[in-house]
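Have a look at the structure below, then the notes.
The values are calculated or read from the model by the stated rules, or taken from the named source; none is laboratory data. Keep in mind the model is a prediction, meaning the values are calculated, not measured. Using ideal geometry, Cβ is built from the backbone for each residue, glycine included, and neighbour counts are taken over all protein chains shown. The accessibility values were calculated without ligands, DNA or RNA, using every heavy atom of the protein model including side chains. Shrake-Rupley method; radii C 1.70, N 1.55, O 1.52, S 1.80 Å.
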Amino acid sequence: MSSRENILAAVKANQFSQADLPGLEVLNTLTATNDDMVEKYKTIGSAGGSFVYEVAGYEAIQNILHKEFKPGVKIISGIKELSEYTYVADVKNELSHSFADVELCILWSGLGVAENGALWLTEEDMTVRVLPFIAQHLAVVISKTNLVPTMTQAYEKIGGATYGYGAFISGPSKTADIEQSLVIGAHGPRSLSVFILP
């Protein structure tokens with residue numbers, strides 16, 4: 001018997017027997033208060049490189065952005081309460097290449113995941129699909145009532161929803177593929193700021 005035949009015979013003799021998938025009901029029992037999820041999100045999001053702020057309202061967000069970004073840089077906002085910047089409705093029909101010089105993009109998310117610091121954005125939230133990926137910096141605003149503990153619960157929320165495109169986004173873009181040297185902003189925003197509203 002050849003080596004090949006020996007290997008195939010061993011594989012055939014050790015086939016995995018049929019097993020039921022594990023029940024996930026236990027994940028549905030994982031509940032937490034909004035304040036617990038905010039603390040968990042802040043811990044995980046910060047560990048992933050995001051800047052996470054718990055703020056009282058839009059004025060507090062504006063104050064932070066005024067300190068972080070100098071006047072005159074191109075900032076696009078997808079949130080009408082922060083439309084002192086270029087409001088995204090005004091640029092919706094522009095070509096994607098016209099956004100190459102966007103320093104900051106501010107968007108809304110209707111769903112955040114505490115266990116991994118991810119934010120769910122649909123094409124409607126993005127308004128222009130390229131914005132969260134082409135801007136140098138990304139800021140996302142979310143209400144703490146829109147946080148869920150786990151990805152399982154997040155998928156339950158979006159599973160039956162209707163949307164053309166959506167993406168989970170977390171932390172700044174980074175890679176260490178080349179010589180194991182960490183590069184921030186290699187294929188997306190260099191920073192992610194998350195503002196959590198009450």
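Residues checked against (1) in contact with a Pro (Cβ under 7 Å, 6 or more places away or on another chain); (2) under 20 Å from Leu111 (Cα atoms); (3) touching a residue at least 60 places away in the same chain (Cβ under 8 Å):
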| position | (1), (2), (3) |
| --- | --- |
| Lys144 | yes, yes, yes |
| Val148 | no, yes, yes |
| Gly166 | no, yes, no |
| Ile178 | no, no, no |
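Only residues that are at pLDDT below 90, out of contact with any Phe, Trp or Tyr (no Cβ under 8 Å at 6 or more places or on another chain) and either under 25 Å from Lys144 (Cβ atoms) or assigned to a loop (DSSP other than H, G, I, E, B) (or both): list them for the stretch 88-114, please.
Of everything in the stretch 88-114, those that are at pLDDT below 90, out of contact with any Phe, Trp or Tyr (no Cβ under 8 Å at 6 or more places or on another chain) and either under 25 Å from Lys144 (Cβ atoms) or assigned to a loop (DSSP other than H, G, I, E, B) (or both) turn out to be Val88, Lys92, Asn93, Glu94, Leu95, Ala100, Asp101, Val102.
Can you work out which of the residues in the stretch 169-180 that are open to solvent by 60 Å² or more (accessible area, probe 1.4 Å) and not β-branched (Val, Ile, Thr) is farthest from Gly112 (Cα to Cα)?
Among those residues, the one meeting the criterion is Glu179.
Please pick out the residue among Gly164, Gly188 that is small (Gly, Ala, Ser), outside any helix (DSSP H, G or I) and loosely packed, with under 13 Cβ neighbours inside 10 Å.
Going through Gly164, Gly188 in turn, the sole match is Gly164.
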